[in-house]
Amino acid sequence: MDSLDRVFDPLRDFAKDSVCLVKRCHKPDRKELKKVATRTAIGFVMMGFVGFFPIGAN
């Protein structure tokens, strides 16, 4: 039983911490979601631009 406890104790602790995190988080409202989506899209466009037009590459 001791070997099983050694395996399952970290998993149990991880699950417990995950539940606490999910309970503490909140669902974003429409304004916050739009802000995050816009900033993510801008980041994707910038990374695509840098990838398509590599600066300093020979």
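The values are calculated or read from the model by the stated rules, or taken from the named source; none is laboratory data. Source: prediction; values computed, not measured. For neighbour counting, all protein chains shown are included, and Cβ atoms are generated from backbone atoms with ideal geometry for every residue, glycine included.
Here are the numbers for the structure shown:
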read-out: Residue in segment 22-30 that is part of a helix (DSSP H, G or I), modelled with pLDDT of 95 or more and surrounded by 10 or more Cβ atoms within 10 Å (Cβ to Cβ) present; value: no
read-out: Only one of ASP5, ASP13 that is over 25 Å from the mean Cα position of the chain (by Cα), not in a loop (DSSP other than H, G, I, E, B) and not hydrophobic (A, V, I, L, M, F, W, C); value: ASP5
